[in-house]
Amino acid sequence: MLHITPSLIGSARLQTKPSLYRFTPALEGAVKVALTLGQPLLVTGEPGTGKTQLAYALADILSQKVPNFWAKPIIFNTKTTSAASDLFYYYDALRHFRDANIRRADNTAALNVADYIELRALGKAIALTNTNDNNARLFVKDADLQKFVGGSVVLIDEIDKAPRDFPNDILQEIENYRFSIKEVDNNLTLQRNVQHPIVVIMTSNSEKNLPEAFLRRCVFHHIEFPNADMLLQIIKSHLPDGSPYTQPQFIQHFEQLRGVVKKKKPATAELIAWLKLLEAEQFLQSDTVNFDNLTEAQKQVLQMSYAVLVKNIDDKMLLNP
């Protein structure tokens, strides 16, 4: 029978805080270039190396240094079906059509088209730079943002998932921070108030090449997988001070495991989750660990913990503590 206690559930859940993010000198330099030039920053790297978390960290930092800056990124999750307009707004034509038919049957007045338009990531960020009485504010549906005026970070996550034409279709809009809502009378045009900055972070897993015309307008940075010293700094920032689970032996075992698996190598986020799990399971039976001389109980815990690190049956078969 499965033995689970209520206190076990979620006890080792990874809580990511923007203030814990570690910037390498190269990444810090790329961010400064993007901010100085006012260009989007395109970030590549292995899944789990901190591409998405960069946007959270940068929004948190800028909110403390720039007046009227939103402390969280406004996120656009790219899909294989994404169109250029999806980055700016969404018009619910189906619901509008349905409601129009109902109102015609009831002999009541038609609803305003604005009720069926909602701004998305970059469109929302552009609207937020304008004053409260601007028409742009009509389409900001988030209750916590409706009264906010200022700058923000926009995260366009996994842009390489989008159709080939998507990056090229947003060139002018993302360069000028200006777009039009064609469903509104006279094609309402929204443009950024230059008093408030918009910082665009784009991530890519390099699943396919992006168009050259698009790349020319971006600042680029590739996040290399951290070395042992950087990994040690990262885990020390996520685990309690003095935690015995920040010993270099854990990093060494993790790096050995990365060298063994073939299909999907574990990343930084999985390392942190793995150590939190070992800590929750009280893996250590003394102040030190020797992976070449584990007890049977430790071997069982270690084998179970590999479910965090390996995500493929072929890789799992390679690991025998």
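Here are the numbers:
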read-out: Which listed residue, of Leu278, Leu309, is more than 22 Å from Thr44 (Cα to Cα), among the aliphatic types (A, V, I, L, M) and crowded, with 18+ Cβ neighbours inside 10 Å; value: Leu278
read-out: Tally, over the stretch 67-81, of residues that are more than 17 Å from the chain's Cα centre (by Cα) and open to solvent by less than 20 Å² (accessible area, probe 1.4 Å); value: 1
read-out: Cβ-Cβ under 8 Å pairs, at least 6 apart or on other chains, the stretch 63-80 side under 15 Å from Leu155 (Cβ atoms) and in a loop (DSSP other than H, G, I, E, B), far side at pLDDT below 95 and aromatic (Phe, Trp, Tyr); value: Trp70/Phe148; Thr78/Phe166
read-out: Filter pass, Gly259 being open to solvent by 40 Å² or more (accessible area, probe 1.4 Å) and either closer than 20 Å to Tyr306 by Cα or in a strand (DSSP E or B) (or both); value: yes
read-out: Test: residue in the stretch 98-117 that is open to solvent by 10 Å² or more (accessible area, probe 1.4 Å), modelled with pLDDT of 90 or more and part of a helix (DSSP H, G or I); value: no
read-out: Scope the stretch 276-321; condition under 15 Å from His253 (Cα atoms), in a loop (DSSP other than H, G, I, E, B) and β-branched (Val, Ile, Thr); matching residues; value: Thr288, Val289, Val310
read-out: Filter pass, Leu37 being open to solvent by 90 Å² or more (accessible area, probe 1.4 Å), of a type outside the set (D, E, K, R) and either at negative phi or modelled with pLDDT of 95 or more (or both); value: yes
read-out: Residues (within 23 Å of Lys208 (Cα to Cα) and out of contact with any His (no Cβ under 7 Å at 6 or more places or on another chain)) located in the stretch 35-50; value: Gln39, Pro40, Leu42, Glu46, Pro47, Gly48, Thr49, Gly50
read-out: Every residue from the stretch 259-296 that is under 20 Å from the mean Cα position of the chain (by Cα) and among the small types (Gly, Ala, Ser); value: Ala267, Ala269, Ala273
read-out: Set Phe225, Phe254: member being modelled with pLDDT of 90 or more, aromatic (Phe, Trp, Tyr) and open to solvent by 30 Å² or more (accessible area, probe 1.4 Å); value: Phe225
read-out: Residue ranges of helices (runs of 4 or more DSSP H) in the stretch 121-207 with at least 1 members out of contact with any Asp or Glu (no Cβ under 9 Å at 6 or more places or on another chain) and open to solvent by 10 Å² or more (accessible area, probe 1.4 Å); value: 165-169, 171-176
read-out: Residue selected from the stretch 228-238 under the condition of a type outside the set (Val, Ile, Thr) and modelled with pLDDT of 90 or more, by the criterion surrounded by the fewest Cβ atoms within 10 Å (Cβ to Cβ); value: Asp229
read-out: Single residue of Leu8, Leu94, Leu20 found to be modelled with pLDDT under 95, open to solvent by 20 Å² or more (accessible area, probe 1.4 Å) and touching a His at 6+ places or on another chain (Cβ under 7 Å); value: Leu20
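The values are calculated or read from the model by the stated rules, or taken from the named source; none is laboratory data. Remember, it's a predicted structure, so these values are computed and weren't measured experimentally. All Cβ positions, glycine included, derive from the backbone under ideal geometry; neighbour counts span all protein chains shown. Note: accessible area is taken over every heavy atom of the protein model, side chains too, but ligands, DNA and RNA are not part of it. Shrake-Rupley method; radii C 1.70, N 1.55, O 1.52, S 1.80 Å.
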